[in-house]
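The values are calculated or read from the model by the stated rules, or taken from the named source; none is laboratory data. Predicted model only: the values in this text are computed from it and were never measured. Quick reminder, even Gly has a Cβ in these numbers, built from the backbone with ideal geometry, and neighbours come from all protein chains shown.
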Amino acid sequence: MWSLKKLAVMSKDTCIVWFRRDLRLHDNPAWNAAVKSGCEIIPFYTHSPSEEGKWRHGAASNWWLHHALQDLSNQLASYGLTLTLRNSDTAIAALTALTKEVTVKAIYWNRCYEEQSVKRDTLIKETLSNDGISVRSFNGNLLFDPLEITNKSGSPYKVFTPFWKSCLTLVIPRPETITFQQTETSPHNCLESDGLDSFALLPKIPWDSEMNAFWQPTRSGGKKLLKQAIAKSSDYQDLRDIPSTDGTSRLSPYLHFGQISPAEFHHEVLTRCTAKDHAQTGILRQLFWREFSAHLLYHFPHTHDQPLRNEYQNFPWNFDTDLLEKWQRGQTGYPIVDAGMRQLWKTGWMHNRVRMVTSSFLVKHLLQPWQEGAHWFWDTLVDADLANNTQGWQWIGGCGADASPYFRVFNPILQSKKFDPTAAYIKKWIPELSEVPAKLIHAPWEMEPLELAAAGVKLGTDYPEPIIGHQEGRKQALDAYSKFKSSL
DNA sequence: TGAAATGTTGGGGCG
DNA sequence: ACGCCCCAACATTTC
């Protein structure tokens with residue numbers, strides 16, 4: 001047997017496909033190029049969390065990553081391939097070790113665009129190239145490379161609409177999927193691989209039961225949601241802001257980990273949506289927001305924790321761990337805010353509309369730095385994505401590109417009445433208010449004692465009093481803003 | 001991808 | 001029939 005394998009090794013070159021955030025075999029440019037090269041393929045993944053610094057994946061993302069890797073490994077197995085997994089302090093250590101074990105002709109990967117990844121990959125490219133290995137990287141994670149989209153003066157767009165229009169003048173890539181079968185004698189079977197469990201991505205205490213019920217973190221789960229999104233696309237504009245419905249696609253984690261590619265998403269929506277109206281541009285608009293965020297972070301890499309608008313460096317936040325913690329735990333006394341924060345905690349996800357309401361509440365009413373909110377979302381979201389997270393929080397903080405001015409303060413009561421009129425969302429996540437009539441639930445502190453009693457709620461015991469009044473919070477935020485503005 | 005305050009208008013009730 | 005007031009509905013501006 002050994003001689004047979006050796007013969008195979010000798011008769012064919014070997015290449016590595018380094019999987020990172022492109023955990024799919026469909027529309028994967030790096031994978032396609034490797035297949036086309038005719039080499040034997042070593043599918044490879046290295047787990048190097050310490051290299052990710054302060055933006056290493058949180059527990060919820062890790063939970064997703066575990067299942068995505070398991071699923072990718074299963075898909076590869078059906079092609080006769082084994083996903084080689086390695087724990088390593090750094091990716092470069094893992095890759096140089098691997099290329100010492102096996103004679104490798106080439107390595108393929110899809111680019112990540114965060115500053116840290118770019119730096120890491122540049123170094124790896126240099127090192128491996130010097131070892132005589134052909135290094136080829138591809139764009140599989142965005143529709144366009146960030147350098148492709150510039151305004152007339154050659155600089156990056158800072159406003160969404162012109163950015164989007166500019167994208168639409170270009171050819172949007174079509175997905176390409178290549179099926180493949182590797183011979184059983186390929187060398188990858190001999191490689192040492194750490195078990196997926198050794199990555200320790202799953203929670204030690206089993207808090208993930210709701211996650212398991214809510215998500216199918218696999219390629220087929222993503223495909224199912226994509227199909228559903230297309231089927232319900234004509235209702236998208238009506239339902240996308242109603243958090244009690246399944247009006248959004250919920251594809252963000254699949255896009256983050258690359259189980260669904262943006263090109264596939266785009267192509268499927270464009271070719272399969274029967275209604276050729278605003279419904280499809282509505283969904284695709286979100287995909288271009290993702291694109292816009294990634295491009296912004298690429299061009300302004302410091303914005304992951306510093307405001308894009310420099311003058312906001314000195315904004316007078318009122319950092320207070322007690323307030324922050326109450327927000328994190330869903331104990332603010334504002335049902336719509338608390339429902340969102342609890343949904344996030346239980347499912348690793350929050351509806352987009354509620355993300356805006358909760359984050360506005362933290363930044364405006366509570367005057368907490370947006371970076372604190374960004375960190376909490378990062379730690380708890382399964383779709384945590386540095387670019388999207390950064391862009392979202394800077395937008396709400398009024399300090400980012402295309403940002404809502406600081407004085408746009410969401411009214412959590414109005415938002416609640418407008419987007420959760422039946423209170424179905426609130427009641428799902430705040431069971432202690434389940435008997436409260438929908439009309440009253442948006443501001444329980446305004447309820448009469450008799451109404452509270454009838455609903456079996458004792459305010460301050462069963463459900464908290466509001467940690468700040470709306471008018472008070474709004475005024476505080478606007479005062480801070482005007483004071484800050486006059487100090488510039 | 002606000003909200004609240006302020007301004008304008010027009011229809012209907014009513015003296 | 002007329003003018004006056006009220007106020008809802010909408011538009012504009014201000015924060």
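Looking at (1) more than 16 Å from DNA strand C (Cβ to nearest atom); (2) aliphatic (A, V, I, L, M); (3) not in a loop (DSSP other than H, G, I, E, B), which one does A:ILE396 not meet, given that it meets all the others?
(1)
The conditions are (1) out of contact with any Pro (no Cβ under 8 Å at 6 or more places or on another chain); (2) in a strand (DSSP E or B), and A:ILE42 fails exactly one of them. Which is it?
The number of the failed condition is (1).
Residue under question is A:PHE410, and the condition is that it be within 30 Å of A:PRO307 (Cβ to Cβ), within 16 Å of DNA strand C (Cβ to nearest atom) and surrounded by 13 or more Cβ atoms within 10 Å (Cβ to Cβ); does it hold? Give the derivation first.
Numbers: within 30 Å of A:PRO307 (Cβ to Cβ): yes; within 16 Å of DNA strand C (Cβ to nearest atom): yes; surrounded by 13 or more Cβ atoms within 10 Å (Cβ to Cβ): yes.
Judged against the criteria, A:PHE410 is a match.
Does region A:367-386 include one or more residues that are among the hydroxyl-bearing types (Ser, Thr, Tyr), surrounded by fewer than 17 Cβ atoms within 10 Å (Cβ to Cβ) and more than 22 Å from A:PHE288 (Cβ to Cβ)? So that I can check it myself, show each step before the final result.
Looking only at region A:367-386, we keep the residues that are among the hydroxyl-bearing types (Ser, Thr, Tyr), and these are A:380.
With the extra rule that they be surrounded by fewer than 17 Cβ atoms within 10 Å (Cβ to Cβ), the set shrinks to none.
Among the residues of region A:367-386, not one is among the hydroxyl-bearing types (Ser, Thr, Tyr), surrounded by fewer than 17 Cβ atoms within 10 Å (Cβ to Cβ) and more than 22 Å from A:PHE288 (Cβ to Cβ), which makes the answer no.
Sort out which residues of region A:339-350 are touching a residue at least 60 places away in the same chain (Cβ under 8 Å) and either under 22 Å from A:PRO444 (Cα atoms) or touching a Lys or Arg at 6+ places or on another chain (Cβ under 8 Å) (or both), and write them in order of number.
Kept after step one, since they are touching a residue at least 60 places away in the same chain (Cβ under 8 Å), are these residues of region A:339-350: A:339-340, A:342-343, A:346-349.
Passing the criteria: A:ALA339, A:GLY340, A:ARG342, A:GLN343, A:TRP349.
Take the residues in region A:66-82 that are under 27 Å from A:LYS100 (Cβ atoms) and part of a helix (DSSP H, G or I); name whichever of them is farthest from the chain's Cα centre (by Cα).
Step by step, filter region A:66-82, then rank; the result is A:ALA77.
Looking only at residues that are part of a loop (DSSP other than H, G, I, E, B) and of a type in the set (Phe, Trp, Tyr) in region A:407-433, which one is farthest from the chain's Cα centre (by Cα)?
A:PHE407
Step by step: first the residues of region A:388-407, then only those that are buried (at least 24 other Cβ atoms within 10 Å of the Cβ) and hydrophobic (A, V, I, L, M, F, W, C), then the one that is farthest from A:ALA438 (Cα to Cα). Which residue is that?
Within region A:388-407, the match that is farthest from A:ALA438 (Cα to Cα) is A:TRP393.
If we only count helices (runs of 4 or more DSSP H) wholly inside region A:191-245, which ones have 1 or more residues that are touching a Gly at 6+ places or on another chain (Cβ under 9 Å), surrounded by fewer than 20 Cβ atoms within 10 Å (Cβ to Cβ) and outside the structural domain of A:LYS100 (by TED's automatic domain parsing)? Step through it out loud before you land on a result.
On the way: elements: A:209-214, A:219-231, A:236-239.
In region A:191-245, A:209-214, A:236-239 are the helices (runs of 4 or more DSSP H) which contain 1 or more residues that are touching a Gly at 6+ places or on another chain (Cβ under 9 Å), surrounded by fewer than 20 Cβ atoms within 10 Å (Cβ to Cβ) and outside the structural domain of A:LYS100 (by TED's automatic domain parsing).
If you scan region A:308-325, which residues turn out to be buried (at least 19 other Cβ atoms within 10 Å of the Cβ) and at pLDDT 95 or above?
Correct list: A:LEU323 only.
Kindly indicate whether any position in region A:458-480 is out of contact with any helix residue (DSSP H, G or I) (no Cβ under 8 Å at 6 or more places or on another chain), of a type outside the set (Lys, Arg), away from DNA strand B (no atom under 16 Å from the Cβ) and part of a helix (DSSP H, G or I).
No, that holds for no residue.
Considering only residues that are small (Gly, Ala, Ser) and within 37 Å of the chain's Cα centre (by Cα), look in region A:434-474 and name the one that is nearest to A:HIS365 (Cα to Cα).
A:GLY473
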